[in-house]
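Q: Below is one structure. I have some questions about it.
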Amino acid sequence: MKIVVIGAGQVGSTVVEALHDEHDITVIDLDEERLSALAERFDAAVLVGNGASRRILEEAGIRKAGLLIACTSRDEINIIASIFSKRISPETKAVVRTTDEEYLDIWHERELDVELVVSSERETALAVSQLIGVPAARQTDVFAEGQVQIVEFDVDSGDRLRQQAGRPLAEAALQAADQGEEHVIGLPLRQAQIPPNSKVASIIRGDTIVVPRGDEAIEPGDRIIIIGSPEAAQAWSRIIAPTESRVEDVVIYGAGRTGLATARVLVEQGIRVRIVEANRERANKAAEEVPTARVFCASGMDEEFIERERINKAQAAVFAMRDDAKNHYAATLVKLHGVPFTIAIVHDARSVEVFERAGIDVALNPRLITAEEIVRFAHDPRTQQVTMLEGDRFEILDITVRPESKLLGTPFRDLPQTGALIGAIVREGKAVFPHGDDVLLPGDRVIVFTESKRVPIVEQAL
Amino acid sequence: MRPRLGVDLAATFNLVGGLVKYLSLAPLIPAAVATGYGESPAPFLLATAIGFFCGWTMERLSYGKKQVGMREGFLVVSLTWLLAAMVGALPYWLTAEAQFASPVDSYFEAMSGFTTTGATIVTDIEALPHGLAMWRQLTQWFGGMGIIVLALAVLPRLRVGGRQLLETELPGPEIQEMTLRIRETAQRLWLLYIALTALMIVVLSVIAWTGLDATMSFYEAVAHALTTLPTGGFSTRARSLEEFGAASQWAIAFFMVVAGANFALLYRAFFRRQPRVFVRDEEFRLYLVLLMLGAALLAVELLSEGVLRGEAAVRHSVVNAVSVMTTTGYASADFNEWPLLAAIVIVALMFVGGSAGSTSGSVKVVRHLLLGRILRRELDQTVHPEVVARIHFNRRAVDERIVRAVSSFVLLYVGVFAAGTLLLVMDAARVDSGIGLLDAVAVSASALGNVGPALGVAGPMGSYETFSSLSKGLLIVLMWIGRLEIIPVAIILTRGYWRV
């Protein structure tokens with residue numbers, strides 16, 4: 001496949017590195033030096049010029065390309081390039097990188113005609129939340145701006161807990177677990193006290209998939225997939241694994257876009273977030289935009305502050321300041337004060353190793369994460385597919401219902417029970433977890449869980 | 001040499017004169033009513049003539065192509081309300097009615113009317129001729145939505161520079177910026193106001209015609225609708241709502257609750273069919289909670305002391321709590337005779353007020369809500385000096401300027417209330433009128449909050465007639481300041497306002 005990449009920065013070169021073996025790549029950038037450095041390392045054609053110019057796009061061969069990847073650091077260039085590309089060659093798929101989450105929302109509302117919009121900030125935030133995430137979960141993913149969460153759990157048989165019996169903490173946990181088992185596990189689903197705003201999407205028992213009808217029950221040893229609100233995901237986690245310690249208190253250093261995006265995602269999950277930001281203006285903005293987070297206007301580097309505000313009581317700390325060196329220093333300092341888990345956002349790809357060698361638990365590079373997301377899409381550019389679970393056995397789709405869909409107006413209780421399930425509806429930007437009497441309305445965005453082989457049927461029905 | 005003045009007085013007088021000129025047409029309505037009942041319309045026609053002439057003269061003397069700016073706005077609004085009450089006082093004074101013998105009494109009654117206070121110096125309301133009684137109700141109706149808001153809605157000359165005037169007169173802090181053109185805003189507010197008044201007349205008339213309440217009649221329905229929606233509280237009866245049946249009392253209580261709600265919300269709920277705005281609005285929710293809390297406290301007190309029982313206890317608790325908190329000032333029972341604890345609840349409710357953007361007076365629910373959040377933040381920042389926090393209202397950060405304005409408003413409000421109380425007590429001691437401290441507290445809070453009735457001689461079934469002229473003057477000032485929410489008057493009292 002021919003691929004046109006606009007932008008030869010970190011994201012662009014990572015994408016080229018991953019794709020140049022299999023694909024025929026042309027890279028466009030304004031910076032000649034960056035291009036020649038790229039051309040030296042990889043087998044790719046290069047073109048100096050503005051990616052948001054029709055002439056340059058034509059010259060790069062957009063008509064024959066199967067995919068356009070617009071990943072400069074400037075949102076407007078990327079969007080304009082994708083618009084021109086769609087005009088010149090409607091068949092060419094387009095991927096747009098953005099730093100503004102608003103464009104992501106616009107794309108989710110199907111107002112931006114491209115196949116994928118990737119926000120570095122959002123991807124990084126999601127990566128952090130997956131690291132801190134839901135205890136005991138095998139895999140988690142969030143949709144609809146973090147309002148809908150999909151979690152995969154292994155249901156323990158409870159033996160592990162019973163082995164620890166005798167210790168007071170384990171005793172209490174065992175009781176809680178027994179309660180969970182009493183009310184949920186082993187009971188037919190229609191009688192089980194399932195946490196509100198959640199649904200069991202699938203039960204995997206060995207090699208077979210059990211469609212979770214009302215008369216089925218979750219048994220110990222099953223693997224289950226849950227769709228629900230972030231609070232419901234936590235509730236499930238308490239039922240499945242009462243002893244695992246939950247991360248309830250996170251400190252974020254830096255209230256830039258990545259810091260704020262991370263704060264938003266974590267707050268949505270019911271985690272207490274504290275933000276430390278030295279710049280007063282940015283601190284004010286953080287306090288305005290994430291009202292439930294606690295914002296400190298401080299460097300966060302002096303011991304007196306760390307002691308007084310009990311920063312060391314946090315179970316995890318995220319470092320999202322602009323300066324890698326500052327992140328490194330602050331992370332080490334906070335770690336010294338006893339924060340068990342530190343995650344640093346690293347801007348220079350080469351520093352990732354430095355950070356992890358130096359004892360920071362995880363170092364994330366937003367550009368690498370973004371590039372990975374783009375590469376994943378380039379390998380398998382099926383539209384609307386958002387996440388795969390259990391290898392590629394299940395998919396979670398995020399689809400806007402067509403106005404002519406036959407399912408419109410049918411109460412959920414009357415929808416056929418097959419391997420596919422509508423876990424949540426996003427209506428006017430708010431997630432709704434449907435009950436039996438709810439109906440689909442035109443313009444609803446639905447989060448659908450389905451077996452991969454049923455994807456075409458589901459897409460057709462909606 | 002003349003001192004250099006930073007305020008354009010000519011433009012101010014020109015505009016105020018124009019407003020007075022148009023306002024003086026209002027007594028033509030009671031003139032028609034008087035004629036209809038076979039009474040002499042002369043006092044009203046004379047009032048119109050005098051008012052129109054004075055306004056016209058003021059306008060003429062300061063003739064010029066001068067436009068008021070934001071700075072003159074405060075003076076325009078303050079003066080307009082003082083002069084409007086003078087025009088309003090003319091019909092009382094010109095009628096050969098013994099109860100309005102003194103000009104201070106007439107001015108008091110008119111100021112109480114326009115500011116929708118509802119305090120009265122009349123002892124025998126039933127003796128008033130129909131025209132005059134209707135004029136009393138009408139002053140409240142005009143004052144409720146605001147004289148200037150009305151002018152903005154109908155007078156083309158105020159199109160420019162009117163925003164400041166509107167914001168100065170509308171009650172409550174401007175948290176949500178108005179996005180509409182001011183003329184449109186003013187027209188919408190008046191349209192809704194008229195619609196709600198009409199609806200209430202219909203409801204009360206139905207109660208009258210179905211015989212649910214023998215005392216209610218079409219005349220009473222109109223009279224009470226005219227003073228319920230502006231949260232005014234003038235009644236045609238000396239014993240206020242006590243003489244009406246339970247059905248009327250419940251209906252009036254309902255409309256008082258409506259009148260104390262934010263008109264912007266009401267507009268969206270009724271004309272845009274978005275009833276969910278009520279659920280989403282933090283102020284409205286707190287407003288309802290406080291109303292219920294006030295009524296519940298009264299009910300518990302009344303029931304446990306055995307003053308009233310059964311439905312009557314609940315009804316009188318609800319009606320009077322709603323009436324006082326929304327600063328309407330009707331009474332369905334003489335709460336003056338209730339136990340002390342109930343009286344204290346009543347006084348406390350006087351400080352609550354209705355919602356911002358309603359016709360009610362006093363501090364208003366949103367300011368209490370914000371003040372609570374401001375204090376919490378202040379305490380929090382004492383322990384955690386680095387904490388940066390914004391005050392949120394309805395999920396949006398409130399501008400820090402408004403945060404400061406709310407704090408200073410409440411401070412000024414309490415200050416003016418305390419000063420008013422002290423002066424009343426001192427004057428009471430001077431003339432030996434026997435008004436005690438608690439009575440003075442209630443009277444001061446009632447006048448400043450535009451409530452109306454207070455405790456003691458000024459209780460819901462009493463009148464302010466026995467107060468000395470000095471005290472009446474003080475109360476006129478308190479009502480005036482309270483209606484304009486203190487700040488405009490406070491501003492024109494600063495030196496910085498007048499200097500270049």
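The values are calculated or read from the model by the stated rules, or taken from the named source; none is laboratory data. Keep in mind that what you see is a predicted model, and the values were worked out from it rather than measured. Neighbour counts are summed over all protein chains in view; Cβ atoms, including those assigned to glycine, are modelled from backbone coordinates with ideal geometry.
Q: Given the condition over 25 Å from residue A:269 (Cβ atoms), away from every other protein chain (no Cβ under 14 Å) and more than 24 Å from the chain's Cα centre (by Cα), answer yes or no: does some residue in segment A:333-343 qualify?
A: The initial filter retains those residues of segment A:333-343 that are over 25 Å from residue A:269 (Cβ atoms), namely A:333, A:336.
In the following step, the residues that additionally are away from every other protein chain (no Cβ under 14 Å) were identified as A:333, A:336.
From what's left, more than 24 Å from the chain's Cα centre (by Cα): A:333, A:336.
Yes: one or more hits.
Q: Please go through segment A:278-291 and pick out each residue that is in contact (Cβ under 8 Å) with a residue 24 or more places away in the chain, within 9 Å of chain B (Cβ to nearest Cβ) and buried (at least 18 other Cβ atoms within 10 Å of the Cβ).
A: Correct list: A:283, A:286.
Q: From the list A:342, A:370, pick out the single residue that is of a type outside the set (Gly, Ala, Ser), under 21 Å from residue A:132 (Cβ atoms) and in a strand (DSSP E or B).
A: Only one candidate qualifies: A:342.
Q: Give me the pairs, please: first residue somewhere in segment A:183-206 and closer than 22 Å to residue A:431 by Cβ, second residue anywhere and of a type in the set (Ser, Thr, Tyr), beta-carbon distance under 6 Å, and either six or more positions apart or on two chains.
A: A:197/A:229
Q: Let me ask you something else. Residue check: is residue A:275 more than 7 Å from chain B (Cβ to nearest Cβ) and touching a Lys or Arg at 6+ places or on another chain (Cβ under 9 Å)?
A: On the way: more than 7 Å from chain B (Cβ to nearest Cβ): yes; touching a Lys or Arg at 6+ places or on another chain (Cβ under 9 Å): yes.
Considered against the rule, which asks whether it is more than 7 Å from chain B (Cβ to nearest Cβ) and touching a Lys or Arg at 6+ places or on another chain (Cβ under 9 Å), residue A:275 comes out as yes.
Q: How about segment B:394-405: which of its residues are in contact (Cβ under 8 Å) with a residue 24 or more places away in the chain and more than 13 Å from chain A (Cβ to nearest Cβ)?
A: B:402, B:405
Q: Here is a further query. More than 14 Å from every other protein chain (Cβ to nearest Cβ), touching a residue at least 12 places away in the same chain (Cβ under 8 Å) and under 27 Å from residue B:169 (Cβ atoms): does that describe residue B:391? Walk me through how you get there before you give the answer.
A: Values: more than 14 Å from every other protein chain (Cβ to nearest Cβ): no; touching a residue at least 12 places away in the same chain (Cβ under 8 Å): yes; under 27 Å from residue B:169 (Cβ atoms): yes.
In short, no.
Q: Taking segment B:381-428 as the search range and keeping residues that are of a type in the set (D, E, K, R) and closer than 25 Å to residue B:280 by Cβ, which one is surrounded by the most Cβ atoms within 10 Å (Cβ to Cβ)? Before the answer, list the steps.
A: First, pick out the residues of segment B:381-428 that are of a type in the set (D, E, K, R): B:386, B:390, B:395-396, B:399-401, B:404, B:427.
Within this subset, residues satisfying the condition of being closer than 25 Å to residue B:280 by Cβ are B:390, B:395-396, B:399-401.
Working: B:390: 21, B:395: 8, B:396: 13, B:399: 15, B:400: 11, B:401: 9.
This residue is B:390.
Q: Quickly run through segment B:116-142 and pick out the residues that are of a type outside the set (A, V, I, L, M, F, W, C), closer than 25 Å to residue B:325 by Cα and either crowded, with 22+ Cβ neighbours inside 10 Å or modelled with pLDDT of 90 or more (or both). Show your work before the answer.
A: Quick first cut of segment B:116-142, residues of a type outside the set (A, V, I, L, M, F, W, C) only: B:116-118, B:120, B:123-124, B:126, B:129-131, B:136-137, B:139-140.
From the residues that got through so far, the ones that are closer than 25 Å to residue B:325 by Cα too are B:116-118, B:120, B:123, B:136-137, B:139-140.
B:116, B:117, B:118, B:120, B:136, B:137, B:139, B:140, listed by residue number.
Q: If you don't mind, there's one more thing I want to ask. Looking at segment B:431-440, is at least one residue crowded, with 18+ Cβ neighbours inside 10 Å and either closer than 22 Å to residue B:364 by Cβ or in contact (Cβ under 8 Å) with a residue 40 or more places away in the chain (or both)?
A: So in segment B:431-440, the residues crowded, with 18+ Cβ neighbours inside 10 Å come out as B:435, B:439-440.
Of the ones still in play, those that are also either closer than 22 Å to residue B:364 by Cβ or in contact (Cβ under 8 Å) with a residue 40 or more places away in the chain (or both) are none.
Within segment B:431-440 (the criterion being crowded, with 18+ Cβ neighbours inside 10 Å and either closer than 22 Å to residue B:364 by Cβ or in contact (Cβ under 8 Å) with a residue 40 or more places away in the chain (or both)), the answer is no, since none of the residues qualifies.
Q: Also, I was wondering about something else. Kindly indicate the residue of segment A:292-308 that is outside any helix (DSSP H, G or I) and touching a residue at least 24 places away in the same chain (Cβ under 8 Å) and also nearest to the other protein chains (Cβ to nearest Cβ) among those meeting that condition.
A: Step one: of segment A:292-308, the residues outside any helix (DSSP H, G or I) are A:292-302.
This time we only want the ones that are touching a residue at least 24 places away in the same chain (Cβ under 8 Å), so: A:292-293, A:295, A:300-301.
Working: A:292: 10, A:293: 10, A:295: 5, A:300: 9, A:301: 12 Å.
Within segment A:292-308, the match that is nearest to the other protein chains (Cβ to nearest Cβ) is A:295.
Q: Restricting to segment B:446-474, name every residue that is buried (at least 24 other Cβ atoms within 10 Å of the Cβ), within 22 Å of residue B:338 (Cα to Cα) and of a type in the set (A, V, I, L, M).
A: B:447, B:451, B:454, B:455, B:458
Q: When residue B:277 is evaluated against the numbered criteria (1) closer than 19 Å to residue B:459 by Cβ; (2) touching a helix residue (DSSP H, G or I) at 6+ places or on another chain (Cβ under 6 Å), which criterion, by number, is the only one it fails?
A: Checking residue B:277 against (1) closer than 19 Å to residue B:459 by Cβ; (2) touching a helix residue (DSSP H, G or I) at 6+ places or on another chain (Cβ under 6 Å), the one that fails is (1).
Q: Further question on the same structure: Just need a number here: residues in segment B:245-283 that are without any contact (Cβ under 8 Å) to a residue 40 or more places away in the chain and under 20 Å from residue B:451 (Cβ atoms). Steps first, please.
A: We begin by selecting, within segment B:245-283, every residue without any contact (Cβ under 8 Å) to a residue 40 or more places away in the chain; these are B:245, B:254, B:268-269, B:272-279.
Of the ones still in play, those that are also under 20 Å from residue B:451 (Cβ atoms) are B:254.
Qualifying residue count for the region: 1.
Q: Here's another thing I want to ask about it. Any idea which residue in segment A:308-332 is surrounded by the most Cβ atoms within 10 Å (Cβ to Cβ), counting only those that are farther than 25 Å from residue A:246 by Cβ and not basic (Lys, Arg)?
A: Of segment A:308-332, the ones farther than 25 Å from residue A:246 by Cβ are A:308, A:321-329, A:332.
Adding the requirement that they be not basic (Lys, Arg) leaves A:321, A:323-325, A:327-329, A:332.
Working: A:321: 28, A:323: 11, A:324: 20, A:325: 10, A:327: 26, A:328: 20, A:329: 14, A:332: 17.
If we take residues in segment A:308-332 being farther than 25 Å from residue A:246 by Cβ and not basic (Lys, Arg), then A:321 is surrounded by the most Cβ atoms within 10 Å (Cβ to Cβ).
Q: Check residue A:400 against each of (1) out of contact with any Lys or Arg (no Cβ under 8 Å at 6 or more places or on another chain); (2) modelled with pLDDT under 85 and name the one condition it does not meet.
A: (1)
Q: How many residues does segment A:271-291 hold that are over 11 Å from residue A:250 (Cβ atoms) and not in a helix (DSSP H, G or I)?
A: Going residue by residue through segment A:271-291, those that are over 11 Å from residue A:250 (Cβ atoms) are A:276-291.
When the remaining residues are screened for being not in a helix (DSSP H, G or I), the result is A:276-279, A:290-291.
Of the residues in that region, 6 qualify.
Q: Further question: Take the residues in segment A:253-272 that are among the aliphatic types (A, V, I, L, M) and within 14 Å of another protein chain (Cβ to nearest Cβ); name whichever of them is surrounded by the most Cβ atoms within 10 Å (Cβ to Cβ). Before you say what the answer is, go through the steps one by one.
A: Within segment A:253-272, the subset among the aliphatic types (A, V, I, L, M) is A:255, A:260-261, A:263, A:265-267, A:271.
Then keep just the ones that are within 14 Å of another protein chain (Cβ to nearest Cβ); that gives A:255, A:260, A:263, A:267.
On the way: A:255: 31, A:260: 24, A:263: 27, A:267: 18.
Among residues in segment A:253-272 that are among the aliphatic types (A, V, I, L, M) and within 14 Å of another protein chain (Cβ to nearest Cβ), the one surrounded by the most Cβ atoms within 10 Å (Cβ to Cβ) is A:255.
Q: Answer with yes or no whether residue B:408 is part of a helix (DSSP H, G or I), among the polar types (S, T, N, Q) and either free of Cβ contacts under 8 Å to residues at least 60 places away in the same chain or away from every other protein chain (no Cβ under 14 Å) (or both).
A: On the way: part of a helix (DSSP H, G or I): yes; among the polar types (S, T, N, Q): yes; either free of Cβ contacts under 8 Å to residues at least 60 places away in the same chain or away from every other protein chain (no Cβ under 14 Å) (or both): yes.
Answer is yes for this residue.
Yes or no, residue by residue, for (1) among the hydroxyl-bearing types (Ser, Thr, Tyr); (2) modelled with pLDDT of 95 or more; (3) part of a helix (DSSP H, G or I):
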| site | (1), (2), (3) |
| --- | --- |
| B:160 | no, no, no |
| B:188 | no, no, yes |
| B:191 | no, no, yes |
| B:201 | no, yes, yes |
| B:208 | no, no, yes |
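Q: Now for a different question. Sort out which residues of segment B:63-105 are more than 18 Å from the chain's Cα centre (by Cα) and among the small types (Gly, Ala, Ser), and write them in order of number.
A: Residues satisfying the conditions are B:64, B:69, B:73, B:96, B:98, B:101, B:102.
Q: Let me ask something else. Out of all the residues in segment B:372-387, is one or more farther than 30 Å from residue B:470 by Cβ, assigned to a helix (DSSP H, G or I), more than 14 Å from chain A (Cβ to nearest Cβ) and among the acidic types (Asp, Glu)?
A: Yes, because at least one residue in segment B:372-387 is farther than 30 Å from residue B:470 by Cβ, assigned to a helix (DSSP H, G or I), more than 14 Å from chain A (Cβ to nearest Cβ) and among the acidic types (Asp, Glu).
Q: Applying the selection to segment A:447-462, what residues are among the hydrophobic types (A, V, I, L, M, F, W, C) and touching a Gly at 6+ places or on another chain (Cβ under 8 Å)? Please lay out each step first, then the result.
A: Step one: filter segment A:447-462 for residues among the hydrophobic types (A, V, I, L, M, F, W, C), giving A:447-449, A:455, A:457-458, A:461-462.
A:447, A:448, A:449 - these are the residues of segment A:447-462 that are among the hydrophobic types (A, V, I, L, M, F, W, C) and touching a Gly at 6+ places or on another chain (Cβ under 8 Å).
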